[in-house]
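Structure, as structure tokens:
The values are calculated or read from the model by the stated rules, or taken from the named source; none is laboratory data. Just so it is clear, the model here is predicted, and its values are computed rather than measured. Note: ideal-geometry Cβ built from the backbone for every residue, glycine included; neighbour counts use all protein chains shown. Just the protein is used for accessible areas: all its heavy atoms, side chains included, with ligands, DNA and RNA removed. Shrake-Rupley method; radii C 1.70, N 1.55, O 1.52, S 1.80 Å.
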Amino acid sequence: MNDSKVNIVFIGAGAVGCFYASRLHHPENGLHVSLVARSNYKAMEQSGVQLKTRTFGDYTFQPESAYPSVQAAAEAEGGWDFIFVTTKALPDVSNDSEMISPLVGSKSCIVLIQNGVGVEEPFRKRFPHTPIVSAVTIVSAEQISPGVIRQNRWTRVSIGPFTDGLGKTGNAELERRGHRATEDLTRWWTDLGGVKDVEPHDEIGLQTVRWHKLCINAAMNPSAVLSGGRGNASMVTDPELRQHLAGVMHEIWDAAPKILGRPFPDSMAQPERILKSTERNVGARPSMLLDWEAGRPMEIEVILGNPVRIAWERGVEMPRLQTLYALVRSAQEMRKQAVKGKL
């Protein structure tokens, strides 16, 4: 399918990164995928990645190379055609665009598989002439031990080019390269990787997917923390919390079309349908709650802060989201201060 060698590197060798990397690695077709791993580097270097999947069975993914750092990957010969970033989006903790700088060359394309909205902007500012593909995934996967990934269900990934979020840069070459990269990744993941639910979009279409997923994440994640640790199903079956969650979802549902200039398509579930389906999701606990309980940084900025700021810049108010942002951000800051006081 591809006679020339395509060098691909994934930054973030967690469950999501390893799963999608394994479905993209096809050396016999010219696709050579490497990983930058940290805590699990030794396990992956020695034994590759062991995948236990519901969709594709059990198999071993042996990457082209495993690197212990970005700098080590930057020293590889040939440069990188695709640079995937699958780390947690924590712009208040680390600058991922700066981190990948040593890897980016004139032929590179950056692919961001991260939660939230506004995740692309730091990369666009640092690399104004580099094509970016933005991606949103729904996949139930976890790393159960170093180098061992379990995929439970779902493999949907939505992808699309990113120039400025609205496709109004007027940079025809940047748009052409972004569309071509989107088409290539769709074909490779589908035809070679067997991932059935790869959904290509235009630029605004992909941002619409991001804002739709935000309806769930921005409502459920901070509310689980602020409600004292309740799971999704537990919250939607509580009348007061359900009303609160519906209010947050509708605020996003109303704001996104004003920001993007395009309504949500009829195929996307509306807030009431999301809440109803969540009733069956017994035992599910959102990632922000898990991070809070483990004392890890939470994805506050991309799930709450960025949407509020982007909306404000477009003249749209989001008071419910701003309230959640202020409270969760303060809770995290107070915890940091308390920890420092004990040192």
Share antiparallel - DSSP beta bridges, the chain, percent rounded to 5: 40
Relative to the longest principal axis of the chain, what angle (0 to 90°, nearest 10) does the C-alpha long axis of helix 319-342 take? 70
By how many degrees, 0 to 90 and rounded to 10, does the Cα axis of helix 203-226 deviate from the longest principal axis of the chain? 50
For the chain, size of Cβ-based charge dipole, Lys and Arg +1, Asp and Glu -1, in debye: 780
Roughly to the nearest percent, how much of the accessible area of the chain is carbon and sulfur, given a 1.4 Å probe? 50
Kirkwood Rh over alpha-carbon pairs of segment 54-211, then Stokes-Einstein at 10 °C and 1.306 mPa s: what D in µm² s⁻¹, rounded to an integer? 95
J(HN,Hα) series, segment 62-78, from Karplus relation 6.51 cos²θ - 1.76 cosθ + 1.60, nearest Hz, glycine and proline x: 9, x, 3, 8, 10, 10, x, 7, 4, 4, 5, 5, 5, 8, 5, 6, x
Computed on Cα atoms only, the convex hull of segment 1-91 has an orientation-averaged projected area in nm² of 6.6
Which of [x] 30, 60, 11; [y] 24, 48, 27, 1; [z] 27, 57, 16, 0 is the computed P(r) over Cα pairs in 20 Å bins from 0, in percent for the structure on display? [x]
Taking only C-alpha positions in segment 127-223, Rg and Dmax in angstrom work out to 15.4, 47
When each of Lys88/Lys168; Lys168/Lys213; Lys107/Lys168; Lys168/Lys258; Lys213/Lys276; Lys125/Lys196 is checked by Cα-Cα distance, pairs over 25 Å: Lys88/Lys168; Lys125/Lys196
When you take every Cα atom in segment 167-236, what is the radius of gyration, and what is Dmax, the widest Cα pair distance, in Å? 17.8, 50
Relative contact order computed over the chain (Cα-Cα under 8 Å; 6+ residues apart), in percent: 15
Rounded tilt (10° steps) of 15-24 against the dominant C-alpha axis of the chain: 40
